[in-house]
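Colleague: Pasting a structure below so you can have a look.
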Amino acid sequence: MLYIWHLSILLSALSLAIMLLLIVRRVLQERRGTTGADQRRLLLTALIAFTENRDREALKTALLAVPARVAVDAGFEFISLLRGEEHDELLSAFNECGLPALVSTQLEKDNAAERIHATEMLAALRSENAVASLLSALDRDGSREVRIAVAIALCDLGALPPLVITLRKIGVAGQRSRRLIELFRRFPPKRLGELEDYARLQGAVPFIRAAAIDALARNGGFRFGDFFARAAGDPSSEVAAAALRALGLTGHPNATAILTKAMEIGGWNVRADAANAAGRLGLSELAAPLAQLMDDEAWTVRYAAANALRSFGQKGEQVLREIATSEVSRRQRTASLILAEGPAA
């Protein structure tokens with residue numbers, strides 16, 4: 001009985017000690033947060049003053065008076081708001097204070113999110129050693145997402161290695177990162193040929209080829225139309241669907257025949273993207289094959305076909321109304337649904 005009593009007292013004392021530790025920890029965190037907020041506010045005030053008086057020494061004093069992390073984060077946020085001469089002068093002040101070197105050390109952090117953030121800051125600061133630090137990270141960082149972020153930063157700095165080398169360093173096996181699409185979309189116009197060459201490789205990863213086609217359609221426009229027309233018949237449904245989306249953006253003299261064929265023999269994603277492309281291009285002569293797709297087994301295809309018909313205006317709506325008043329079926333239900341949504345936006 002005495003043992004239980006002593007054990008109860010010990011547990012109560014331990015609980016009280018833990019509670020006190022948590023209270024102290026919370027107080028310290030709040031003080032640290034308040035201190036950080038005050039430091040950030042003072043630095044932002046100094047940054048705003050710099051845009052008015054161009055007093056670089058005063059700014060450098062303010063930068064060096066706060067912890068490096070506060071200076072880096074607040075400075076990166078503020079510099080993204082500036083353009084022109086103010087932007088360039090602020091970059092010079094940051095470089096003189098050694099902030100890029102501090103950012104480079106964050107590429108060694110265990111947290112992948114912090115390393116990605118560091119690559120974005122290095123690209124914005126544009127220091128002399130930024131490219132070297134980023135190339136080193138591209139070679140040795142263990143995270144694929146970080147390596148993609150590094151590649152994006154290098155692309156922004158105009159220092160990205162050849163595409164084939166970059167992809168080898170990033171890693172292509174099982175590649176499905178959406179950020180790779182962002183990288184391709186940032187390619188400078190003079191390097192779009194690299195994307196076209198990779199998109200043509202039959203043995204390459206379909207996702208990467210499709211991402212390249214997407215970037216070519218958005219940044220290259222009509223000059224890649226013939227390539228898109230050929231790629232629409234690619235054995236990979238992912239690549240073919242990307243090519244059809246591209247044709248929907250750029251158009252092509254043989255678009256009608258290409259889209260008709262895709263609607264007949266392509267996989268469900270190919271048929272859906274062919275229907276979407278027909279609607280985007282306004283090819284009302286494809287109303288008949290689109291009406292056939294209204295009975296497709298895939299809901300995505302049926303909805304894309306109905307939406308395309310609706311985009312044709314009065315002619316398309318007439319086809320939809322005829323289907324909606326026919327016998328109850330999945331095509332009839334799809335037509336009724338799309339008509340209930342109202343006219344195309």
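The values are calculated or read from the model by the stated rules, or taken from the named source; none is laboratory data. Note that the structure is a prediction, hence the values are computed from the model and not measured. A quick note on method: Cβ atoms are made from the backbone with ideal geometry, for glycine too, and the neighbour counts reach across all protein chains shown. Protein only, heavy atoms only, side chains kept; ligands, DNA and RNA dropped before computing areas. Shrake-Rupley method; radii C 1.70, N 1.55, O 1.52, S 1.80 Å.
Colleague: Kindly check whether there is at least one residue in region 35-50 that is among the polar types (S, T, N, Q), in contact with an Asp or Glu (Cβ under 6 Å, 6 or more places away or on another chain) and in a helix (DSSP H, G or I).
Modeller: Filtering region 35-50 down to residues among the polar types (S, T, N, Q) leaves 35, 39, 45.
Subset that is in contact with an Asp or Glu (Cβ under 6 Å, 6 or more places away or on another chain): none.
No.
Colleague: For region 152-162, what are the residues that are of a type in the set (A, V, I, L, M) and either assigned to a loop (DSSP other than H, G, I, E, B) or over 24 Å from SER127 (Cβ atoms) (or both)?
Modeller: Matches in region 152-162: LEU157, ALA159, LEU160.
Colleague: Restricting attention to region 163-199, which residues are closer than 21 Å to LEU122 by Cβ and assigned to a loop (DSSP other than H, G, I, E, B)?
Modeller: If the condition is that a residue be closer than 21 Å to LEU122 by Cβ and assigned to a loop (DSSP other than H, G, I, E, B), then SER177, ARG186, PHE187, PRO188 are the ones that fit.
Colleague: Out of the residues in region 309-331 that are closer than 16 Å to GLU341 by Cα and of a type in the set (D, E, K, R), which is nearest to the chain's Cα centre (by Cα)?
Modeller: Within region 309-331, the first condition is being closer than 16 Å to GLU341 by Cα, and the residues that meet it are 309-314, 316-321, 323-324, 331.
Adding the requirement that they be of a type in the set (D, E, K, R) leaves 310, 317, 321, 331.
On the way: ARG310: 30, GLU317: 36, ARG321: 39, ARG331: 35 Å.
Applying the filter and picking the extreme gives ARG310.
Colleague: Looking only at region 278-296, filter to residues that are small (Gly, Ala, Ser) and in contact (Cβ under 8 Å) with a residue 24 or more places away in the chain; which one of those is nearest to ALA257 (Cα to Cα)? Please lay out each step first, then the result.
Modeller: Within region 278-296, the subset small (Gly, Ala, Ser) is 278-279, 282, 284, 287-288, 291.
After this cut, where a residue has to be in contact (Cβ under 8 Å) with a residue 24 or more places away in the chain as well, the list is 278-279, 282, 284, 287, 291.
Working: ALA278: 11, GLY279: 14, GLY282: 14, SER284: 13, ALA287: 13, ALA291: 16 Å.
For region 278-296, the residue satisfying everything is ALA278.
Colleague: Scan region 286-344 residue by residue and report those that are open to solvent by less than 10 Å² (accessible area, probe 1.4 Å) and outside any helix (DSSP H, G or I).
Modeller: If the condition is that a residue be open to solvent by less than 10 Å² (accessible area, probe 1.4 Å) and outside any helix (DSSP H, G or I), then MET294 is the only one that fits.
Colleague: Pull out all pairs, ordered by first then second residue, where Cβ-Cβ is under 8 Å, the residues are six or more apart or on different chains, the first lies in region 161-186 and is over 11 Å from ILE148 (Cα atoms), and the second is in a loop (DSSP other than H, G, I, E, B) and open to solvent by 70 Å² or more (accessible area, probe 1.4 Å).
Modeller: Partner pairs satisfying both residue conditions: none exist.
Colleague: Among the numbered criteria (1) touching a residue at least 12 places away in the same chain (Cβ under 8 Å); (2) closer than 21 Å to LEU293 by Cβ, which single criterion is violated by PRO235?
Modeller: So PRO235 meets the others, but not (2).
Colleague: Go through region 187-224 and give me each residue that's farther than 15 Å from CYS155 by Cβ, basic (Lys, Arg) and free of Cβ contacts under 8 Å to residues at least 24 places away in the same chain.
Modeller: ARG223
Colleague: Anything in region 1-52 that is open to solvent by 90 Å² or more (accessible area, probe 1.4 Å) and modelled with pLDDT of 80 or more? List them, or say none.
Modeller: Result: ARG41, LEU42, GLU52.
Colleague: Oh, and also: Quick check on LEU157: is it surrounded by 19 or more Cβ atoms within 10 Å (Cβ to Cβ), touching a helix residue (DSSP H, G or I) at 6+ places or on another chain (Cβ under 8 Å) and either under 25 Å from ILE265 (Cα atoms) or in contact (Cβ under 8 Å) with a residue 24 or more places away in the chain (or both)?
Modeller: When the stated conditions are applied, LEU157 does not pass them.
Colleague: Could you check how many residues of region 193-214 are modelled with pLDDT of 95 or more and open to solvent by less than 20 Å² (accessible area, probe 1.4 Å)?
Modeller: Residues that pass the stated criteria total 9.
Colleague: Sticking with this one: Under 30 Å from the mean Cα position of the chain (by Cα), surrounded by fewer than 14 Cβ atoms within 10 Å (Cβ to Cβ), of a type outside the set (A, V, I, L, M) and closer than 20 Å to ALA159 by Cβ: which single residue out of GLU85, GLU128 fits that description?
Modeller: Result: GLU128 is the single residue among GLU85, GLU128 that is under 30 Å from the mean Cα position of the chain (by Cα), surrounded by fewer than 14 Cβ atoms within 10 Å (Cβ to Cβ), of a type outside the set (A, V, I, L, M) and closer than 20 Å to ALA159 by Cβ.
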